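> Below is one structure. I have some questions about it.
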Amino acid sequence: MRIVIVISSLKYGGAETQAIAQARELVRRGHAVTLYALNRDNPRQTELDGSGVHFIADQKRWSFDPAVLWRLRRYLLASGADVVQGFLFDGNFYACLAAAGTGLAVLSSERSDNYRLNRAQRLGHRIARRLADGVIANSHAGRHFAQSMYPLPPEHLHVVWNGIDLAAVDRRVGAAGDGLRSALFGAAPVRVACMVANIKPAKDFLLALRVADELTRRDPAWRVLFVGDSVSELSDYHREVRQLYEALDLRGRVLFAGHRADVLELLSRCDVMFSTSVNEGFPNVVLEAMAAGTPVVSTAYSDIRLILPQPWQVVGQRAAPALADAIERAWRERATLSHEQRQWVEQHATTAALGASLQQLYQHYAVGAR
């Protein structure tokens with residue numbers, strides 16, 4: 001098959017990670033795959049090197065750019081595509097409109113749940129949603145949410161969990177040096193709890209900072225590492241996070257490392273990974289931590305209770321003391337948790353499983369479109 005995946009860009013995020021992973025896996029299975037980005041700022045483009053995935057970077061001048069829409073449509077027709085899949089809002093919108101009337105099978109993606117679209121997005125979604133032949137969600141919660149967003153019968157709404165290449169994980173983790181921790185925290189024997197996320201309300205960084213404060217006050221041996229965008233950004237929410245950071249006097253106990261290309265290696269050298277998300281789809285960084293052998297603790301959202309093997313790893317109470325309790329327990333039981341988490345990934349969330357599920361869906365829709 002010839003498959004085109006349309007996405008806003010290849011920046012640092014879970015959706016982008018999965019778009020890259022599924023494109024590479026589908027090529028490995030013998031399909032011709034193009035990743036079509038709607039922006040030219042693609043810091044992760046090099047992750048496609050040597051994969052056989054064809055990459056195109058276009059550039060929108062506005063949220064709705066008819067010229068980009070026309071170029072994408074022209075490419076879909078010229079390439080002989082069988083299926084086009086959108087990723088994230090822009091990818092869904094442009095994929096649906098570009099494929100309209102072409103006879104191509106077009107699939108939208110749902111990567112989260114219980115979010116709100118702004119006014120312009122609501123208008124765009126009303127236009128595009130009737131053009132999608134099906135929706136692929138990366139969680140059961142996302143599929144349920146999509147039922148309210150798309151006028152499609154239930155059998156056209158699918159769940160395909162994220163996948164990870166365990167062999168690649170093992171190579172990277174095995175090659176990671178022990179100097180990663182000391183480069184960040186010095187030679188002192190500390191315990192490191194980390195959270196990988198951009199600073200935005202859906203990740204509840206205010207709760208995350210309170211967890212960091214609670215944990216490090218209980219035991220000064222703990223340090224908390226945040227990997228993602230910088231606290232110095234200028235949005236209202238970044239300012240709110242920065243103000244709480246300063247009010248709690250977290251300097252020396254908390255480190256913001258910014259965006260990193262070695263997130264997987266860092267995760268493997270942390271003692272516990274925690275998440276304070278309010279909502280999201282299948283948490284990609286949780287999957288990476290589980291594959292890398294790092295115990296995970298999380299708030300309750302989406303399918304997380306179906307993913308983490310022990311019920312106590314999911315904290316129903318959005319309170320810093322409860323999360324700190326779970327982080328300390330995860331550290332004590334890290335050997336058992338590491339084994340159980342890795343087993344879960346091997347059984348449910350490999351790139352091979354991801355590719356097999358997507359291949360079956362693509363074939364179904366491609367045949368139906370002919």
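What follows is calculated from the coordinates using simple rules that are stated; it is not laboratory data. Given the structure is predicted, the values throughout are model-derived calculations rather than measurements. Please note: Cβ atoms are built from the backbone with ideal geometry, for glycine as well, and neighbour counts cover all protein chains shown.
> Which length gain, in nm to one decimal place, applies between Ser63 and Arg119 when the Cα-Cα distance is subtracted from 0.36 nm times their residue separation?
On the way: separation 56, 0.36 × 56 = 20.16 nm, distance 1.26 nm.
Taking Ser63 through Arg119 to full extension adds about 18.9 nm, to one decimal.
> Show me the three semi-axes of the equivalent ellipsoid for the chain, from the C-alpha gyration tensor (sqrt of 5 times each eigenvalue), largest first, rounded to whole Å.
37, 22, 19
> Further, regarding this structure: For the range 262-312, build the charge dipole from Cβ charges (+1 Lys, Arg; -1 Asp, Glu) around the Cα centre, then report which of Val285, Phe274, Pro311 sits farthest towards its positive end.
The listed residue farthest towards the positive side: Pro311.
> Viscosity 1.002 mPa s, temperature 20 °C: give me the Stokes-Einstein translational D for the range 31-84 in µm²/s, with Rh taken as the Kirkwood radius over C-alpha pairs. Intermediate results must be reported in sequence, preceding the final value.
On the way: Rh = 12.2 Å.
After rounding, the answer is 175 µm²/s.
> For the pair Arg218 and Lys11, how long in nm is the line joining their label points, each one 7 Å along Cα→Cβ?
Between Arg218 and Lys11, the simple spin-label model gives 3.5 nm.
> Lone cysteines in the chain, going by a 4.7 Å Cβ-Cβ cut-off?
Result for the chain is Cys96, no neighbouring Cys Cβ within the cutoff.
> Follow-up. Show which lysines lie in cross-link reach of Lys60 when reach means a straight Cα distance below 25 angstrom and same-chain residues fewer than eight apart are skipped.
Hits, sequence-local ones excluded: Lys11, Lys200.
> How about the range 78-157: which trypsin sites (Lys or Arg not before Pro) there lie in a loop by DSSP and see at most 13 other Cβ atoms within 10 Å? Show your work: numbers first, answer last.
Numbers: sites: Arg111, Arg116, Arg119, Arg122, Arg126, Arg129, Arg130, Arg143; in loops: Arg111, Arg116.
Of the trypsin sites (Lys or Arg not before Pro), the ones in loops of the range 78-157 whose Cβ has at most 13 other Cβ atoms within 10 Å are Arg116.
> Please determine, in degrees from 0 to 90 and to the nearest 10, the orientation of helix 166-175 with respect to the longest principal axis defined by the Cα atoms of the chain, where the helix direction is its Cα long axis.
Here the helix axis deviates by roughly 40 degrees.
> By count of other Cβ within 10 Å, fewest leading, how are His348, His125 ordered?
Least to most surrounded, the residues fall as His348, His125.
> Along each of the three principal axes of the Cα atoms of the range 1-132, give the extent in whole Å, ordering the values from largest to smallest.
41, 32, 27
> Separate question: Under a no-solvent Debye model with one identical scatterer per Cα of the range 285-355, what's log10 I(q)/I(0) at q = 0.18, 0.21, 0.24 Å⁻¹?
So the normalised log intensities are -0.65, -0.86, -1.08.
> Also, I was wondering about something else. Taking the radius of gyration and the Kirkwood hydrodynamic radius from Cα positions alone, what is the Rg/Rh ratio for the range 166-348, to two decimal places?
Values: Rg = 15.3 Å, Rh = 16.4 Å.
Computed over Cα atoms, the ratio is 0.93.
> What percent of all Cα-Cα pairs in the range 78-118 falls in each 5 Å bin, counting up from 0?
Whole-percent P(r) values from 0 Å outward: 6, 22, 30, 20, 11, 7, 4, 1.
> For a quick check: sort Met290, Met195, Met1 by the number of other beta carbons within 10 angstrom, fewest at the front.
With the fewest neighbours first, Met290, Met195, Met1 line up as Met1, Met195, Met290.
> Related question: So, counting K/R as plus one and D/E as minus one, what does the shell of residues with Cβ under 14 Å around Val278 add up to?
+1
> Same structure, new question: Pull out the extension gain between Thr46 and Tyr237, defined as 0.36 nm times the separation in residues minus the alpha carbon to alpha carbon distance; nm, one decimal.
That works out to 65.6 nm of additional length.
> So what's the angle, to the nearest 10 degrees on a 0 to 90 scale, between helix 351-369 and the longest Cα principal axis of the chain?
The answer is roughly 20 degrees.
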